[in-house]
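Laboratory data are not the source of any read-out in this text; all were calculated from the coordinates shown. Only a predicted model underlies this, so the values are computations on that prediction, with no experimental measurement involved. So basically every Cβ, Gly included, is an ideal-geometry build from the backbone, and we count neighbours across all protein chains shown.
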């Protein structure tokens with residue numbers, strides 16, 4: 001029996017693999033492992049003490065809670081926005097389309113200052129909201145508003161292309177089979193959009209967890225009320241407590257990693273369920 | 001159930017897609033809407049289905065005006081050219097879709113749905129694919145599933161929009177025969193749109209020929225093929241040779257040549273187009289003869305049951321190409337050679353008056 005050499009159709013596999021791994025290591029893996037290495041220097045007891053301090057735990061709750069909620073809000077409204085942009089034509093559509101990207105482009109501090117000016121007690125919106133008893137600035141609600149703002153483009157931009165590719169014949173087929181509008185959406189359109197929607201959700205969430213600039217202005221940073229985890233890290237750094245900062249950072253990293261893993265798992269599950277097995 | 005359309009008019013901007021169409025589709029027939037692309041046949045089908053609204057006119061289903069009824073209430077089965085299967089559902093779920101979407105009161109139980117789906121999948125001979133996803137099927141299988149899905153809601157009529165257009169030639173032929181058989185079993189009033197004349201003539205009980213938003217001719221495949229009513233129909237159904245000329249007594253004069261023509265009721269001097277199918281032309285190799293059209297042999301293709309001879313016109317019809325179909329015996333009997341000058345003599349000629357436009 002003679003062994004036949006197998007050839008790959010596309011050349012450059014080794015080069016590509018090497019480049020990818022090298023690039024990823026240099027840019028992502030090495031800096032991240034530095035975080036853990038630095039943390040290991042402090043000892044287990046001290047690590048637990050730092051990362052479970054009540055003030056720090058309160059920031060985890062706010063950071064991850066507000067980020068998940070913001071991503072969920074963006075998933076709903078981002079989907080609606082993408083739908084409107086793809087399905088209808090209205091005056092100023094191009095401008096709205098361009099506006100969607102603005103939270104990407106705007107320096108986060110600018111966004112933070114603008115939101116604070118708007119929602120502060122004497123701001124344009126804040127003064128009326130204050131009258132009906134809603135405080136936005138310097139509360140967890142303010143944090144949420146900022147995170148919704150910066151996360152908006154992710155869902156819109158991931159769902160939009162899928163919606164554009166969606167064949168209107170599918171909806172016509174569903175209608176000819178007797179499906180009502182909402183049934184068509186629920187059983188035909190939504191399942192097709194779901195993977196993209198989950199991707200958008202994951203991106204918006206990841207961005208929100210790491211967000212710092214736009215949040216700190218509107219949050220007011222009251223301990224136990226409106227402090228976010230990235231702020232804790234900065235605070236530690238400013239006190240030259242580098243190990244404390246990396247300890248909290250590593251907890252954040254692990255949390256984020258687990259959450260993203262879950263979302264990816266969900267995506268794989270929906271893909272499998274819909275026959276798009278890879 | 002019968003379908004009637006009355007005075008349907010449809011405009012897309014400045015383009016008239018359908019111009020005052022009135023048609024009657026009797027119960028239980030399989031009718032083909034045949035025409036070149038852009039002739040309005042798909043638009044007409046979509047208007048009958050309710051996927052598109054006519055600017056004016058009526059669609060009558062079983063005698064009732066359905067013009068303002070939504071597609072989901074019309075109970076029509078619609079099959080799309082590109083199948084439009086739900087990719088995220090299995091074949092089973094695709095077929096069950098229509099039944100599951102029914103209002104709770106009318107919805108059959110899951111057990112009944114299951115029986116019905118398997119019955120339909122058996123009908124289209126694909127029961128073994130129930131758990132697959134559409135992406136795992138071939139084109140022909142997908143279209144059969146799409147048909148089963150449309151039949152699941154027990155439609156009163158079946159509308160098929162170029163159902164075999166996206167399939168390769170062999171599968172297309174197979175599915176054609178299969179569709180005809182299926183229709184003979186179900187006897188559901190069906191309309192299918194196609195631009196393939198062979199498909200229409202082979203499958204349909206009746207053929208409606210359309211061009212530029214107008215109906216050109218209606219009839220059985222035999223009728224429209226044997227007795228085309230207009231130059232368009234003649235030219236559209238099968239290959240054809242045509243000669244522009246003028247009526248002179250008992251003949252048609254084409255340039256310097258004449259074509260004999262039986263008694264007719266054209267005026268002397270009328271501008272006409274004469275049509276002859278490739279098998280209705282014979283070749284005369286005698287240099288002395290004067291009847292028929294002078295032409296030069298370009299190529300003799302003798303690989304089939306019959307031989308095809310391609311010729312270029314000379315004299316009055318120069319620049320034109322002709323095609324003649326002869327038996328292979330006839331070709332060797334005549335001893336045809338490339339470049340040889342011959343005359344074309346029609347055994348049968350169909351003459352239409354020219355209305356400015358040529359076919």
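Principal-axis analysis of the Cα atoms of chain B puts helix B:169-186 at an angle of about 60° to the longest axis.
Residues in region B:232-272, backbone N under 16 Å from the label point at residue B:284 (7 Å along the Cα-to-beta-carbon vector): list them, ranges by number please. Once the point is set 7 Å along Cα→Cβ of residue B:284, B:250-262 turn out to lie under 16 Å by backbone N, inside region B:232-272. Cβ-Cβ distance of residue B:60 and residue A:34, R₀ of 51 Å, FRET efficiency by 1/(1 + (r/R0)^6): the value works out to about 0.10. Under the criterion of Cα pairs below 8 Å and six or more residues apart, the relative contact order for region A:91-249 equals 29 percent. Considering only A:33, A:63, A:25, the mean-square fluctuation computed in a Gaussian network model of chain A, springs between alpha carbons under 10 angstrom, is largest for A:25.
As a proxy for reagent exposure, ranking A:19, A:60, A:240 by other Cβ atoms within 10 Å from fewest up yields A:240, A:19, A:60. Summarise the long-distance tail of P(r) for the protein assembly as shown by giving the % of C-alpha pairs beyond 47 Å. More than 47 Å apart: 45 percent of the Cα pairs in the protein assembly as shown. Mind pulling the angle between the C-alpha long axis of helix B:139-151 and the longest principal axis of chain B? Nearest 10 degrees, somewhere in 0 to 90. The two axes meet at around 60 degrees.
If the segment from residue B:218 to residue B:185 were pulled out straight at 0.36 nm per residue, it would be longer than the present Cα-Cα gap by 9.4 nm. Site pair residue A:80 and residue A:260 shows an inter-label distance of 3.0 nm when each label is modelled 7 Å from Cα along Cα→Cβ. Per residue of A:164-176, other chain Cβ atoms within 10 Å of the residue Cβ number 6 on average.
Extension gain for residue A:57-residue A:13 works out to 11.3 nm (0.36 nm per residue, less the C-alpha to C-alpha distance). The helix-only estimate of mean residue ellipticity at 222 nm for chain B, built from DSSP H runs of length n ≥ 4 each weighted as -39500 (n - 2.57), is -7500 deg cm²/dmol after division by the residue total. Looking at the protein assembly as shown, the DSSP beta bridges with both ends there are about 75 percent antiparallel.
In chain A, helical runs assigned H by DSSP with n ≥ 4 each contribute -39500 (n - 2.57); averaged across all residues and rounded to the nearest 500, the mean residue ellipticity at 222 nm is -23500 deg cm²/dmol. Stokes-Einstein diffusion for chain B, with the hydrodynamic radius set to the Kirkwood value over Cα pairs and evaluated at 20 °C in a medium of 1.002 mPa s, equals 92 µm²/s.
For the peptide B:80-90, the mean number of other protein chain Cβ atoms found within 10 angstrom of a residue's Cβ is 6.
Inter-part distance, region A:50-106 to region B:202-219, computed on C-alpha centroids, equals 56 Å.
The mean count of C-beta atoms from other chains within 10 Å of the C-beta of residues in B:126-135, rounded to a whole number, is 1. Exposure proxy ranking for B:283, A:218, based on other Cβ atoms within 10 angstrom of each Cβ and starting from the fewest, stands as B:283, A:218. If I fit a long axis through the Cα atoms of helix B:91-100 and take the longest principal axis of the Cα atoms of chain B, what angle between them do I get, 0 to 90°, rounded to 10? On a 0 to 90 degree scale, this one is about 70.
The label-point distance for residue B:305 and residue B:125, in a model that sets each label 7 Å from Cα toward Cβ, rounds to 2.4 nm. Derived value for region A:41-132: Kirkwood hydrodynamic radius 17.2 Å. Basis is the mean of 1/r over every pair of different alpha-carbon atoms. Applying 1/(1 + (r/R0)^6) with r as the Cβ-Cβ distance of residue B:227 and residue B:22 and R0 = 30 angstrom yields a FRET efficiency of 0.90.
Averaging 1/r across all pairs of distinct Cα atoms in chain A and inverting the result yields a Kirkwood radius of 21.8 Å. Residues B:289, A:67, B:67, ranked from the fewest to the most other C-beta atoms within 10 Å, line up as B:289, B:67, A:67.
Looking at chain A as a GNM with Cα springs under 10 Å, which of A:212, A:88, A:23 has the largest mean-square fluctuation? Highest fluctuation among the options: A:23. A Gaussian network model of chain A, with springs between Cα atoms under 10 Å, assigns the largest mean-square fluctuation among A:190, A:104, A:224 to A:190. A protection proxy built from the mean count of other Cβ atoms within 10 Å ranks the segments A:245-252, B:337-344, most packed first, as A:245-252, B:337-344.
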